[in-house]
Structures are given as C-alpha cells and as structure tokens.
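Participant: Attaching a single structure in structure tokens format; questions to follow.
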Amino acid sequence: NAEDYQTARLKRIKLGLDLRGGMYVTLEVDVLKLIEESADKLSIDDDFMAVLEETRKETDNTDKNVLDVFLEKFRAKAATNNMSLLQYFTVSNQLDPTEEAIEEKLRKDVDEAIDQALQVISQRINKYDVSEANIQKQGARRILLELPDVKDENEIRSLLQTTARLEFHRVTMGRPMIETFYAIDALLRGDVLEEPAEDT
C-alpha cells in the first residue's frame, strides 16, 4: 500500500551524485556589490572605490569573509585619509549613529541577503520538483546545491540564473530631518513651540 511504499522510500540508501547522477552547483552572493549599493551614492568617492577594489582583489576566488576584509581595508585607509564609515553609510532610527552601529547593520544586511538568496533558490528548486535536493550555506557567502537525477542542465541553469532583484532606496535621516519630524509631531499635538529669535 501507499504507506509501506513511503516508509520503504524514506529508509532506502541514498546514493550520492557520483553514483546517482545529477548536478552539483555552487553559487556566490556578491557581498561587495551589496556593500557598494548600501552606501550613499552621493558620498562614494575615489577612496571608497579603492577600498572596494582592494577588497575584491583579496577576496576573489577565496573563502575569505568579504565584509571583514572590506572593514579591515577601510580602517587602514581611514587611518591615513581621515575617513569614516559615517561619511558613506547611515543608520536610521538613531540620533547619533556610530561606526559600530554601521558595522552591525552591514553584517545584518549581508546575513539577510544570504538567507534571502537561500530561500529564493529553495523555492525555485522546489517548484522544479527536484527530489532530495540538498541546498545549504557554505562558508561566508556561498550556497551549495546538490541536485540528484537532474538531466536538463540548461533548464536548471536558466532557473538559477533568473534574477529576482529587490531594491531599497535609503531616505537620509540626519539630525535636521529627525528634529523636523519632532517639530511636526509637536504641532500636531498642539504643543506651543518657541519661535526662533529674529536678528535685529
């Protein structure tokens, strides 16, 4: 009956790709692109681009953590060029953002990007109905896929290469804007605000 078949199927010896056939794919999340796109476009300058390029050279075809290398290169250049992460990145909901808060946000963004990529790939593979597909994170930025019994490599390649791109555009939340929001809130509540003194 159907229950016996399912039980037997779950208990059978699972053959690896070398015996069973299929596809083995490694994908990589472009963390450096994420860092670049997280920065304020108007603030990006030659020094920032130089840090990105140095990071790319050191991390290409390696398992190094891209964000760690970027921060290390940035600090080295900042020591001689009077740079700060605060020049290039902002953290919303903080009146006095710190470099540590920006680092924390970048780490969170990278982790979320990798988790989101894992989720998207899993959904695509599940829709394709690959039985016993193995999808897992490998290292700091790579995703490993083992796809047993896959015969049409071109179809899987097309499925994985389709780009689903979600873009976020940051609204700058500097101190003047936050103070303006507080002033608007006060007006809406009916609080009386002191008028700035006029120069005479």
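The values are calculated or read from the model by the stated rules, or taken from the named source; none is laboratory data. Just so it is clear, the structure is predicted and the values come from calculations on it, not from any experiment. Backbone-built Cβ (ideal geometry, glycine too); neighbour counts: all protein chains shown. The accessibility values were calculated without ligands, DNA or RNA, using every heavy atom of the protein model including side chains. Shrake-Rupley method; radii C 1.70, N 1.55, O 1.52, S 1.80 Å.
Participant: What is the percent carbon and sulfur in the accessible area of region 55-162, measuring with a 1.4 Å probe over the protein chains and ignoring ligands?
Facilitator: On the way: 2670 of 6390 Å².
Ligands and nucleic acids excluded, carbon and sulfur give 42 percent.
Participant: So, one more: Would you mind estimating how fast region 28-115 diffuses translationally, via Stokes-Einstein at 10 °C and 1.306 mPa s with the Kirkwood radius over Cα pairs, in µm²/s?
Facilitator: On the way: Rh = 13.4 Å.
Answer, rounded: 119 µm²/s.
Participant: Could you provide, to the nearest whole Å², the per residue accessible area of region 102-163 with probe 1.4 Å? It would help to have the intermediate numbers written out before the result.
Facilitator: Numbers: 3700 Å² over 62 residues.
Here the residues of region 102-163 average 60 Å² of exposed surface.
Participant: What distance in nm lies between label points placed 7 Å from Cα along the C-beta direction at residue 112 and residue 50?
Facilitator: The two pseudo-label positions are separated by 3.2 nm.
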